[in-house]
Amino acid sequence: LTPPPGADSICGSVADSALSDLKVLDLGTDVAAPYAARMLADLGADVIKVEPLAGDPSRRRGPFPDDLPDAEKSGLFLHLNANKRGVSLDYATATGRRLLYDLVRWADVVIESEAPSRAEALGLSWTALEAVKPGLVLVSVTPFGQTGPYRDWAAEEITVFALSSRMWMHGLDGMEPLRYGPDVAWFQVGSTAAVAALAAVFASQRFGIGQQVDVSALEALTGNVDARPLFAAMTGQPQPRPARALSTIAGVAPCKDGYMLLIAGSERFFRRLLRAIGAAELIGDPRFVGQAARAANAGELDAIVLPWLADRTRREAFDQLQAYSVMCAPVQTIDEALDDPQLVARDFFVPLDHPVAGRWTYPGAPFLMSETPWTLRRPAPLLGEHNREVYGGLLGLGDDDLALLAASGVI
Amino acid sequence: VTRQPLEGYKVVDMTEVWAGPMAASILGDLGAEVIRVESFPRAAATRPLAAGASGPGIVAGPPEAPRVWDRAPSYHISNRNKLAIALDAMAPKGRDILLRLIGRADVFLIGFTAGTAERMGLDYETLRQQKPDLVMLSLPGWGEKGPYKGYATYGSGLDAFAGHHHLRQYPGLDPTTAPSIFHSDATGALAIAFAAMGALHYRERSGRGQFIDLSQVEVLLNHLPGPLFDWQMNGRVQQPIGNRHPDMAPHGAYPCSEPATWLAIAVRDDAMWSALVGAIGGPAWALDPALRTLPHRLERRAEVDRHLSTWTRGLTQREAMERLQAAGVAAGAVYSPVEVMADAQLQARGFFPELPHPLLGAYRRPNVMWQMARTPSSIHRNSNTLGEHNREVLCGLLGLGDAEFADLEAAGIVGTEYRPGAEIDPT
């Protein structure tokens, strides 16, 4: 590669984090946008989270210690906002907006999640922010995107998930469709926004191109590999809703102490399964050759495989099946995952102290980078914790100014 | 000239199934040159050799039509915006081609079970001798180290292992009621693309490449903080709650007038409740003053759900959704995969462009997952047929002569067709 225009800004000194040269302003609320900012923070970006004076609504969502709501102790908030500094700011006020724009001048990336018409009213439109900071990357994470008839529609995770067609595919034929686990779809949207944000940083730093990145949650959830519209479009066939997944070879089946998920429906995997359970003599048995035959003789197959599983704990079955490269995994709960030898060996879970919430164990590195290790550097900020450091230190306001801003309800 | 964020970067994609190939597609969406190296002469899992009723066996077109392996949606869904070759990388001459491709690449994605890369001489320590600033990412199920190194699974197993399968089952029923899902492939693909770009960004500053060890379990556990903190904070193992929500009521999927149709409705706060009461015409049950506050709605949600279902049953999905949205209430139709393609919002944003395909004519597929105003992304290449770009890559990019290319073809090092019995072995 020849050094592109604007390369000066990215050819500085070697730092120990992948994104340590990046400054991010996180105006997002709830889960998706703050998670995008968290992903950038985890790779070393300097992220300042800007909260309304009442705090990010996720502070009011549990779990809380002993189920007692406390804005500084929400497990969800603590996770989403670790590795960030935090300030409070009412930027619906004129003074607040001036401060916001000062922070925008500091930032390389702004992430926001207001409904488009409200974003405009708050002075967060691309036109407004580009005038403040040419070359800026503005990442807007909304349910439906910046354009189109639904742009300002009300939405929650379940309603967007429903529209994406994935809810319809998640649930048994004849029964009510189900959402996924709590907030899981929003985390996917946040991950999508993080990818788009980082890509836009490349365009900004390499070519000097600032722009708005329009992330529609609906599109993020409809356009990835876990959605089925493409199957329907290519085959011209409606996609069937799933049938009950009790199966010895392609679903979940009971062990002595819980369930095992097996992926052994294909010819080769099925043969491996037979070897693993000591039934190699059945390889080639016409009752079980081909998916159609196995389906037709499912009862006989169950009579062979289910007792083998029922005689073993999940761990025993897991190790014995994997010894033959049978794809499988135990169906676990989070307390079991916490003690799992693999995750323990990889030092996955990480303890972290928080001045008010105390010491808890957090999910760790989502991936291991050999040169720029993931770090959990600081706990989620208290509401307004870094007001002095940011408004004073970064923007140069004096104590008197800060007192006045606080007294007038701007910070 | 329209710039692309990752133009000029080169990626070699040697991954299979969904997470890895989709990550490479995303890098291609962003303008990187992605060269996909497909398994040959053996077919990988998403390249079926015969049509079947389920999984990768589902194909477009008549079962007996030629080139079954090019017609599986399970391949198309994770592949686009790539040049692709079908290469026998186990043969010395094929391995030489692969090493030349890696030698000119910035990013190498490898999707084998842990340990396989070493056996093939494709481990990072070996490759960095040739290419010191290479960014390499491997994505085995449970990661490159630890007691489960070498254990095999697809995304559905990782979903179970991370605790998500348990949370997804119908409340009060058992885990067989939760379908296998491949969500972790979707989030895994995003994490892979993000990690690779993070490493490239660092390389621009430092000149240094690196190796990334990615387990989708560890990605997914980052998306499930609620159960983890609830267990620590309250000693509670979270149980499946179906479509209920701890902080919202009503919240769920409500049946509509046509068979097997539902509308998802979520009422975030008391103001939205008032809006809902107005939108449904203020029936007597809804005017109960106690229901104006969330704690009472949560306590009486079964009753509220029952009444609200009576209202939704009287309307089509579309009518109910529009009535509620007109009042500012969060409501979304539970679309089937066919219905979502006709949605007005997605239509307005051009989210399902029709793309040509050499075997299948044209079909509509979901677009790139974001819109960038000044570096617009598009799907400029549909899914590749097997070996579609063999010549373009080997002769055009690596500079092989026609005779040399013909020799490789004759020796079966590259090809465009699978022979019968080319067994599937994704590990």
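The values are calculated or read from the model by the stated rules, or taken from the named source; none is laboratory data. All figures in this text were calculated on a predicted structure; none of them were measured in a lab. Here Cβ is always computed from backbone atoms with ideal geometry, including for glycine, and neighbour counts include all displayed protein chains. Accessible surface is based on the protein model in full, side chains and every heavy atom, while ligands, DNA and RNA are left aside. Shrake-Rupley method; radii C 1.70, N 1.55, O 1.52, S 1.80 Å.
Structure notes:
- If you go through segment A:11-49 and keep only what is among the hydrophobic types (A, V, I, L, M, F, W, C) and surrounded by fewer than 22 Cβ atoms within 10 Å (Cβ to Cβ), you end up with A:11, A:14, A:15.
- Single residue of segment A:239-254 satisfying the filter (open to solvent by less than 10 Å² (accessible area, probe 1.4 Å) and more than 7 Å from chain B (Cβ to nearest Cβ)) that is nearest to residue A:311 (Cα to Cα): A:253
- Residue count for segment A:216-238, restricted to those that are outside any helix (DSSP H, G or I), open to solvent by less than 10 Å² (accessible area, probe 1.4 Å), within 20 Å of residue B:78 (Cβ to Cβ) and touching a residue at least 60 places away in the same chain (Cβ under 8 Å): 1
- Here residue A:107 clears all of (1) away from chain B (no Cβ under 14 Å); (2) in contact with a Lys or Arg (Cβ under 6 Å, 6 or more places away or on another chain); (3) without any contact (Cβ under 8 Å) to a residue 60 or more places away in the chain except the condition numbered (3).
- Segment A:320-353 - residue that is more than 9 Å from chain B (Cβ to nearest Cβ) and over 25 Å from the mean Cα position of the chain (by Cα) and, of those, surrounded by the most Cβ atoms within 10 Å (Cβ to Cβ): A:321
- Any hit, segment B:385-406, residues being surrounded by 16 or more Cβ atoms within 10 Å (Cβ to Cβ) and without any contact (Cβ under 8 Å) to a residue 12 or more places away in the chain: yes
- Residues in segment B:407-419 that are touching a Pro at 6+ places or on another chain (Cβ under 8 Å) and open to solvent by less than 20 Å² (accessible area, probe 1.4 Å): B:415, B:418.
- No other residue among B:224, B:228 is closer than 28 Å to residue A:59 by Cβ, free of Cβ contacts under 8 Å to residues at least 12 places away in the same chain and at the interface with chain A (Cβ under 7 Å from one of its Cβ atoms) apart from B:228.
- Residues in segment B:152-170 that are touching a residue at least 24 places away in the same chain (Cβ under 8 Å), over 17 Å from the mean Cα position of the chain (by Cα) and either within 24 Å of residue A:173 (Cα to Cα) or open to solvent by 10 Å² or more (accessible area, probe 1.4 Å) (or both): B:163, B:166, B:167, B:168, B:169, B:170.
- Considering segment B:58-71, and only residues there that are farther than 17 Å from residue B:419 by Cα and among the small types (Gly, Ala, Ser), the residue that is nearest to the chain's Cα centre (by Cα) turns out to be B:60.
- Restricting segment A:175-227 to residues that are modelled with pLDDT under 95 and in contact with a Lys or Arg (Cβ under 8 Å, 6 or more places away or on another chain), the residue that is farthest from the other protein chains (Cβ to nearest Cβ): A:227
- Of the helices (runs of 4 or more DSSP H) that lie entirely inside segment B:287-383, those containing 2 or more residues that are at the interface with chain A (Cβ under 7 Å from one of its Cβ atoms) span B:337-340, B:344-348.
- The set of residues in segment A:354-364 that are within 17 Å of the chain's Cα centre (by Cα), in contact (Cβ under 8 Å) with a residue 24 or more places away in the chain and assigned to a loop (DSSP other than H, G, I, E, B) contains only A:363.
- Scanning segment B:3-32 for residues that are open to solvent by 10 Å² or more (accessible area, probe 1.4 Å) and among the acidic types (Asp, Glu) gives B:7, B:16.
- Selected residue [open to solvent by less than 60 Å² (accessible area, probe 1.4 Å) and either under 21 Å from residue A:72 (Cα atoms) or aliphatic (A, V, I, L, M) (or both)] from B:271, B:284, B:279: B:279
- Taking segment B:304-319 as the range and being open to solvent by less than 50 Å² (accessible area, probe 1.4 Å) and either under 15 Å from residue B:251 (Cα atoms) or out of contact with any Cys (no Cβ under 9 Å at 6 or more places or on another chain) (or both) as the test, the residues that pass are B:304, B:305, B:308, B:309, B:311, B:312.
- Checking each residue in segment B:4-40 for being part of a loop (DSSP other than H, G, I, E, B) and closer than 28 Å to residue B:157 by Cα picks out B:15, B:16, B:17, B:18, B:40.
- Against the test of being closer than 24 Å to residue B:163 by Cβ and not in a loop (DSSP other than H, G, I, E, B), the options A:251, A:181 yield a single qualifying residue, A:251.
- When segment A:174-206 is filtered for residues that are open to solvent by 10 Å² or more (accessible area, probe 1.4 Å) and either touching a strand residue (DSSP E or B) at 6+ places or on another chain (Cβ under 9 Å) or of a type in the set (Lys, Arg) (or both), the ones remaining, listed by number, are A:176, A:179, A:182, A:204, A:206.
- Flag for residue B:356 being free of Cβ contacts under 8 Å to residues at least 24 places away in the same chain and over 30 Å from residue A:208 (Cβ atoms): no
Residues are listed down the side, and each one gets a yes or a no for (1) within 19 Å of the chain's Cα centre (by Cα); (2) open to solvent by 40 Å² or more (accessible area, probe 1.4 Å):
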{"position": "B:1", "(1), (2)": "no, yes"}
{"position": "B:34", "(1), (2)": "yes, no"}
{"position": "B:51", "(1), (2)": "no, yes"}
{"position": "B:56", "(1), (2)": "yes, yes"}
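- Number of positions in segment A:258-309 that are under 25 Å from residue B:43 (Cβ atoms), aliphatic (A, V, I, L, M) and in a loop (DSSP other than H, G, I, E, B): 3
- The set of residues from segment A:151-167 being in contact with a helix residue (DSSP H, G or I) (Cβ under 7 Å, 6 or more places away or on another chain) and either in contact (Cβ under 8 Å) with a residue 40 or more places away in the chain or part of a helix (DSSP H, G or I) (or both) comprises A:157, A:160, A:161, A:163, A:164, A:165, A:166.
- Taking every residue in segment A:26-50 that is over 20 Å from residue A:158 (Cβ atoms) and pairing it with any residue that is aromatic (Phe, Trp, Tyr), at least 6 positions away or on another chain, the pairs with Cβ-Cβ distances below 6 Å are A:42/A:374.
- In segment A:258-291, the residues that are farther than 16 Å from residue A:320 by Cα and open to solvent by less than 10 Å² (accessible area, probe 1.4 Å): A:288
- Criterion (more than 23 Å from the chain's Cα centre (by Cα), within 30 Å of residue B:10 (Cα to Cα), not polar (S, T, N, Q) and not in a helix (DSSP H, G or I)) met by exactly one of B:208, B:236, B:203: B:208
- Here residue A:400 clears all of (1) of a type outside the set (A, V, I, L, M); (2) under 23 Å from residue A:45 (Cβ atoms); (3) part of a helix (DSSP H, G or I) except the condition numbered (2).
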